[in-house]
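Engineer: Okay, here's the structure, questions in a sec.
The values are calculated or read from the model by the stated rules, or taken from the named source; none is laboratory data. Keep in mind it's a predicted model, so treat the numbers as computed, not measured. All Cβ positions, glycine included, derive from the backbone under ideal geometry; neighbour counts span all protein chains shown.
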């Protein structure tokens, strides 16, 4: 038996009410689907970026090891910083010492002149002492016999 052709509108009228409500929602579903498509359009890029990030993250263990090595190498910087702070505190004194040291050559020159003058005086003094010694020797030679005579004088006890 051949199927019977019916009027499509009449067939729609026979649909249950809840099916009709579903059909009424189709335009909203279409709008929401288009909206979701717009919102998820960038997901392929995000997925690609995540894959790239995962590949880049494979170097992190090596970086962690390198950072540990850097930490070991820079551990002495704290002590060096403390020493530098101590030097910095001493800088005013060092600058003052440097200023005094700048005057040392001039002072040495004056000292050298005075030493040369003193050397001249000492040479003259030594010459005078030598002459005095010669005079004392001559005087002793001259006075020596008088002493022997004086020892022989009466009233003198030996």
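Engineer: List the helices (runs of 4 or more DSSP H) that sit entirely inside region 1-120 and contain at least 3 residues that are modelled with pLDDT of 85 or more.
Structural biologist: Filter on region 1-120 gives 17-40, 43-57, 60-73, 77-102.
Engineer: So, one more: If you check every pair at least six apart or on different chains, which have Cβ atoms under 8 Å apart with a residue in region 137-158 that is surrounded by 10 or more Cβ atoms within 10 Å (Cβ to Cβ) first and a residue that is at pLDDT below 80 and not in a helix (DSSP H, G or I) second?
Structural biologist: From region 137-158, the pairs are 150/156; 151/158.
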